[in-house]
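Undergrad: This structure is in structure tokens; I'll ask about it shortly.
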Amino acid sequence: MNHKGKYIAFFTLGCKLNFSETSYIAKGLEEEGYNLVSFNQTADYYVIHTCTVTQAADRKSRILIRKISRKNPDAVIVAMGCYSQIKPEELASIEGVDIVLGTAEKFNLGNYLKQYRKGQPLLISISPAEEANLFLPAHSGSDRTRSFLKIQDGCDYTCTYCIIPVARGKSRSPCIKDIVLQAEIIAGKGVKEIILTGVNIGDFGRLTGESFLGLLKELDKVQGINRFRMSSIEPNLLDDDIINFVAGSNRIAPHFHIPLQSGCDRILKLMQRRYTTDLFEECISSIRKTLPEAGIGVDVITGFPGETDFDFTQTCKFLDQLDISYLHVFTYSERDNTKAMYMNNKVDHTVKVKRSKLLHKLSDKKRMSFYNSYTGKSATALFEAKKHNGRMFGYTGNYIKVEKPFDFIDIGSVLKVRLLNINENGNINVEVAG
Ligand code: SF4
């Protein structure tokens with residue numbers, strides 16, 4: 001079927017990795033002659049890039065599919081990605097779905113679209129994730145400010161709550177020179193910041209005899225990029241060599257996003273995480289000693305099976321005394337085919353919600369105190385295209401969200417700013433410094 005001039009719309013759920021992959025897949029189709037449109041416009045094809053990290057993520061995909069198929073009964077609807085990989089039959093049973101593609105097959109979307117016509121029997125193509133050994137490069141590139149660059153995929157860890165290894169397969173990454181090449185392509189587009197994404201980025205290079213530190217060293221030499229930012233990195237893989245290298249680099253942002261998940265060693269063990277609270281604490285003090293200005297974000301899960309009030313209090317106390325900048329709070333969500341699903345002493349939903357609220361409060365307190373310690377100081381911030389109420393927004397290297405009056409000319413600019421005061425949005429107002 002001739003697809004030239006056909007309209008296609010994508011909707012992405014989940015992590016930055018999914019976003020970078022959507023961008024890559026969409027760009028490929030655009031080069032083949034499709035017209036990319038936004039999801040609320042009329043299109044011939046609607047593609048939902050699903051996520052399955054929580055039950056809520058699954059539900060979002062289902063709701064979206066139903067809505068889009070009611071609105072556009074003649075369009076071809078594709079569900080692809082992690083949720084499709086794990087539960088293809090669940091997605092296939094939704095009225096209006098035409099094509100369901102797994103984690104590997106989604107990169108071949110163009111071929112599936114060519115074969116398919118609306119009204120033909122449902123097309124499902126899923127290969128076992130454990131056979132996934134191909135690394136397909138991807139980077140997002142919708143604006144010239146930031147680009148998410150995929151450096152790694154899959155995970156060999158066995159955290160008992162996590163479904164991602166089942167959805168994305170074994171850990172794999174390309175060699176450093178391939179990533180450097182991608183970074184150079186991104187630099188050529190005028191993008192100022194690259195965010196290094198993956199499922200377990202600290203595992204980069206383990207199978208190719210290279211390392212994440214080696215990658216940082218080479219990326220640091222790429223011309224044209226002002227900043228590289230690491231996404232989430234496991235505490236057991238974030239060693240002093242990496243921290244010291246970040247401290248000595250002008251371009252690797254002093255910003256760490258580290259998953260803790262629980263401040264109670266008993267729960268960490270049940271989760272099969274690969275560290276104790278002692279190691280985590282050492283990791284944070286090492287960052288603070290070397291990079292006092294670093295922004296440190298920490299992931300935490302509330303309501304893991306068996307988490308008692310005592311365990312939760314321990315988590316709160318542990319986090320409270322840690323010198324960190326903010327939290328990402330997740331409420332435990334049961335996933336099929338995970339060990340945690342079969343664990344006893346499930347935590348009641350209302351208790352989970354209550355604990356989650358307390359952690360959000362703690363996060364606000366941490367963020368305010370981190371932001372307060374920067375008011376009156378200077379920093380550099382990269383400003384983005386988003387405009388709201390005549391204001392524009394940006395981030396400093398250590399991930400403080402700043403805002404100032406909108407000026408078109410400052411989109412994608414890295415500016416030296418003075419941080420004035422925290423406003424009602426919880427961001428810091430800034431003025432451009434000279
Ligand atoms: S490290 Fe653990 S939580 Fe993260 S993707 Fe791997 S198994 Fe999941």
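Undergrad: In percent, what relative contact order does the range 1-99 have, based on Cα pairs under 8 Å that are 6 or more apart in sequence? Present the calculation step by step, with values, prior to reporting the outcome.
TA: Details: 158 pairs, mean separation 27.2, N = 99.
Relative contact order of the range 1-99: 28 percent.
Undergrad: Just checking the chain: which Cys have no other cysteine's beta-carbon under 4.7 Å?
TA: That list is C15, C51, C82, C155, C175, C264, C283, C316.
Undergrad: Which value, in debye to the nearest 20, gives the size of the charge dipole of the chain about its Cα centre, when Lys and Arg are +1 and Asp and Glu are -1 at the Cβ?
TA: Values: 57 positive and 49 negative charges, 210 e Å.
Roughly 1000 debye, rounded to the nearest 20.
Undergrad: Taking the Cβ of R273 as the centre, find all other residues whose Cβ is under 10 Å away and add up their charges (Lys, Arg: +1; Asp, Glu: -1).
TA: Numbers: positive: K269, R274; negative: E234, D265.
Every neighbour counted, the sum reads 0.
Undergrad: Taking amide H atoms as placed 1.01 Å from N in the peptide plane, list the residues 5 or more away in sequence, or in a different chain, whose amide H sits under 5 Å from that of T197.
TA: L149, K150, I151
Undergrad: Can you tell me which of 39-48, 286-295 comes out highest on packing, and rank the rest after it, using the mean Cβ neighbours within 10 Å?
TA: Values: 39-48: 19.1, 286-295: 17.6.
With the highest mean Cβ count within 10 Å placed first, the list reads 39-48, 286-295.
Undergrad: If you don't mind, another one. Would you work out if the range 378-432 is rounded, prolate or oblate? Take a ≥ b ≥ c from the square roots of the eigenvalues of the alpha-carbon gyration tensor; rounded if a/c is under 1.5, else prolate when a/b is larger than b/c, oblate otherwise.
TA: Numbers: a/c = 1.58, a/b = 1.08, b/c = 1.46.
Oblate shape, in that a/c is at least 1.5 and b/c is the bigger or equal ratio.
Undergrad: Mind checking which aspartates and glutamates have their Cα closer than 20 Å to the Cα of K377? Skip sequence neighbours fewer than 8 apart in that chain.
TA: Qualifying aspartates and glutamates at Cα under 20 Å: E293, D323, E403, E424, E431.
Undergrad: Using mean Cβ contacts within 10 Å as the protection proxy, how do 59-69, 334-344 order, highest first?
TA: Values: 59-69: 17.1, 334-344: 14.1.
Highest mean packing first, the order is 59-69, 334-344.
Undergrad: I would also like to ask the following. Could you sort the peptides 104-117, 76-89 by per-residue average Cβ neighbour count (10 Å cutoff), highest mean leading?
TA: Working: 104-117: 17.1, 76-89: 24.7.
In descending order of packing, they fall as 76-89, 104-117.
Undergrad: Mind checking which of S249, A167, Y116 is farthest towards the positive end of the chain's charge dipole, using Cβ charges of +1 (Lys, Arg) and -1 (Asp, Glu) about the Cα centre?
TA: Y116
Undergrad: What size of dipole, in debye to the nearest 20, comes out for the range 7-127 about its Cα centre when the only charges are +1 on Lys and Arg C-beta atoms and -1 on Asp and Glu C-beta atoms? Intermediate results must be reported in sequence, preceding the final value.
TA: Values: 14 positive and 12 negative charges, 77 e Å.
Dipole size: approximately 380 debye.
Undergrad: Convex hull over the alpha-carbon atoms of the chain: what's its volume per residue in Å³? Please report the intermediate quantities before stating the final value.
TA: Details: hull volume 65.6 nm³, N = 434.
For the chain, the hull spanned by Cα atoms encloses 151 Å³ per residue.
Undergrad: Dipole size in debye (nearest 20) for the range 378-432 around its Cα centre, Lys and Arg Cβ +1, Asp and Glu Cβ -1? Let's see the in-between values first.
TA: Numbers: 7 positive and 6 negative charges, 10 e Å.
With Lys and Arg at +1 and Asp and Glu at -1, about 40 debye.
Undergrad: Further question on the same structure: If we count every other residue with Cβ under 10 angstrom of R391's Cβ, Lys/Arg +1 and Asp/Glu -1, where does the sum land? The partial results should precede the final answer.
TA: On the way: positive: K386, K387, K404; negative: E403.
Result for the local shell: +2.
Undergrad: Sticking with this structure for a sec: Excluding G295 itself, what net charge comes from residues whose Cβ is under 12 Å from its Cβ, given Lys and Arg +1 and Asp and Glu -1?
TA: +3
Undergrad: Turning to a different aspect of this structure: Taking θ as phi - 60°, what are the ³J(HN,Hα) couplings along the range 119-124 by the Karplus curve (6.51, -1.76, 1.60), each to the nearest whole Hz, with x for Gly and Pro?
TA: After applying 6.51 cos²θ - 1.76 cosθ + 1.60, I find x, 6, x, 3, 10, 10 Hz.
Undergrad: Kindly flag which residue pairs out of K317/K366; K317/K361; K4/K114; K366/K416 have an alpha-carbon separation exceeding 18 Å in this structure. Walk me through the numbers before you get to the answer.
TA: Working: K317/K366 13 Å; K317/K361 13 Å; K4/K114 10 Å; K366/K416 25 Å.
Flagged as over cut-off: K366/K416.
Undergrad: So for T158, T103, T50, fewest C-beta neighbours within 10 Å to most, what's the order?
TA: On the way: T158 13, T103 25, T50 31.
Ascending Cβ contact count within 10 Å gives the list T158, T103, T50.
Every number in this text was worked out from the coordinates using simple rules, so none of it is lab data. Small disclaimer: the values here were computed from a predicted structure and weren't measured. Quick reminder, even Gly has a Cβ in these numbers, built from the backbone with ideal geometry, and neighbours come from all protein chains shown.
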